[in-house]
Amino acid sequence: KETNSIPTPDASVDVTDLRVRFGSVTALDDVSLSIRDGEFFTLVGPSGCGKTTLLRSIAGLETPSEGQVIIDGREVTAEPPESRNIGIVFQNYALFPHMSVAENIAYGLRFHDLSGDRDPDERVAELLELVDLAGFGDREPDQLSGGQQQRVALARALAPEPDVLLLDEPLSALDARLRKQLRVQIKTIQRELDITTVYVTHDQAEALAISDRIAVMQDGQLQQVDTPEAVYRDPASRAVAEFIGDNNVFSGRVTDDGSQLSIEGGLLPLPTGTDTADGTSVTLSIRPELLSIYTDNQPVDGQTLSATVNTVEFLGDAYHVHCLWNNRTIVVKAAATTPPKGEVTLQFDADDIHIL
Ligand code: ATP
């Protein structure tokens, strides 16, 4: 595809000590963040955690009571959105209904001087090509599917060659299949343009799938900022362990002799290198895919627990087996061909227990 004529933008986004209040609600509580040039950065967290407020603060649509927003090294905290050189896509497309697709995209160019002698029509054609909608320029928005409308919204946001692309839940209104297709397309376009991108979603799977780095938010604060792999494998807090991916999370205590983990009557082995003192209360987690399930009564090597299958969910490529162990549910992901049932043995590696 010919997109070489689109210049590569170059911008980092820094937020320092940002605080936003709505009456008595503190939507952002002392948030600091550095987003790198060309990075695909995602803000994720449960409803009301402040992710939209943070994105809107970067956009200039929300005025923080404290702190700074810096784009490409320039402080823009007091500047309106139009002088920040950003492109924004919202959840609800927000296309102009009586303008054609091409006119919608060209609208983004109205205050923008195209570099050199470039023709706006040429730029619109280039953007239609970029979002895979070549030939759709004369249609009106209501003649497009939701996914196509969102791609037009993306093209319109990219038209004036912004330094930073901001996306606020752009896929939330679409069905699950289309969401997955479009997220790959967004990621591909982001890579192609190498544009610094801040993406908001409440969908942790989406965040893991497309981001270079993720900020997990809760109650107006950042819980963890890291790569998807690190956030998944090494969650920094109980909130992250519970929000990102499927997980088994328990409260427990290191036994008085310091040799095991006590979980309300049940005992688990202590992972090697645990530096918590005897008797300390801990939160621990183990991912469903790090447990194995055995249904026959054969002896199993390694760390084991005896459990009873309670509920089984079929996932397509595996089962999620909800087992009862000492009145607690432990979910195991089992790549079996038939659903396990009855009395089972769960096997795991002590070092796969994660102490939070
Ligand atoms: P969601 O996924 O539901 O959009 P969010 O993580 O994006 O949630 P925000 O929309 O940033 O969260 O809201 C953070 C907090 O600030 C919430 O408690 C919300 O109710 C509050 N809030 C947001 N906007 C306003 C406003 N204009 N007036 C009053 N309170 C607001």
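Values quoted throughout were computed directly from the atomic coordinates according to the rules given, and no laboratory measurement underlies them. Keep in mind it's a predicted model, so treat the numbers as computed, not measured. Please note: Cβ atoms are built from the backbone with ideal geometry, for glycine as well, and neighbour counts cover all protein chains shown.
Things worth noting here:
- Gyration tensor (alpha-carbon) shape descriptor, segment 280-322, a/c threshold 1.5: oblate
- A Cβ-based charge dipole, computed about the Cα centre of segment 248-355 with Lys and Arg at +1 and Asp and Glu at -1, lands at about 360 debye.
- Straightening the chain between E79 and E264 buys 61.1 nm, computed as 0.36 nm per residue apart minus the Cα-Cα spacing.
- Non-local Lys pairs in the chain, i.e. 8 or more apart or on different chains, that have alpha carbons under 29 Å apart: 7
- Cα gyration tensor category, rounded, prolate or oblate, for segment 14-98 with a/c compared to 1.5: rounded
- Length-normalised contact order of the chain in % [C-alpha pairs under 8 Å, at least 6 apart]: 16
- The chain: angle of helix 146-158 to the longest principal axis, Cα-based, in degrees nearest 10: 60
- Neighbours of R19 by Cβ distance under 10 Å: Lys/Arg scored +1, Asp/Glu scored -1, total -3.
- Cα gyration tensor shape of segment 204-356, rounded if a/c is under 1.5, else prolate or oblate by comparing a/b with b/c: oblate
- Couplings for segment 217-226, taken from phi via the Karplus curve 6.51 cos²θ - 1.76 cosθ + 1.60 with θ = phi - 60°, read 10, 8, 6, x, 10, 7, 8, 7, 10, 6 Hz in order; Gly and Pro are left as x.
- In the chain, helical runs assigned H by DSSP with n ≥ 4 each contribute -39500 (n - 2.57); averaged across all residues and rounded to the nearest 500, the mean residue ellipticity at 222 nm is -6500 deg cm²/dmol.
- Under 5 Å, built H, 5+ apart or other chain: amide partners of R253: S262, V282
- Estimated vicinal HN-Hα couplings, Hz - segment 48-58 in sequence order (Karplus 6.51, -1.76, 1.60; Gly, Pro = x): x, 7, x, 5, 5, 4, 5, 5, 5, 5, 5
- About the Cα centre, charge dipole magnitude for the chain (Lys/Arg +1, Asp/Glu -1 at Cβ), debye: 800
- Amide hydrogen proximity for T77: with H placed 1.01 Å from N in the peptide plane, the residues at 5 or more positions away or on another chain lying under 5 Å are V69.
- Backbone N under 17 Å from the R191 label point (7 Å along Cα→Cβ), restricted to segment 123-143: 130-132
- Contour excess over end-to-end distance, with Cα ends at D301 and A125 and 0.36 nm allotted per residue: 57.1 nm
- Taking amide H positions as modeled 1.01 Å from N, with prolines and chain starts lacking one, the residues under 5 Å from M217 and 5 or more places away or on another chain are V44, G45, Q223.
- The trypsin sites (Lys or Arg not before Pro) of segment 278-356 that meet both conditions, a loop assignment by DSSP and at most 12 other Cβ atoms within 10 Å of the site Cβ, are K341.
- Between 0 and 90 degrees, the angle of helix 120-130 with respect to the longest Cα principal axis of the chain falls at about 20 degrees.
- Positive minus negative residues near A176 (Lys, Arg vs Asp, Glu; Cβ under 14 Å): +1
- Under the Karplus curve 6.51 cos²θ - 1.76 cosθ + 1.60, θ = phi - 60°, whole-Hz ³J(HN,Hα) for segment 65-73, x wherever Gly or Pro sits: 7, 9, x, 10, 10, 10, 10, 6, x
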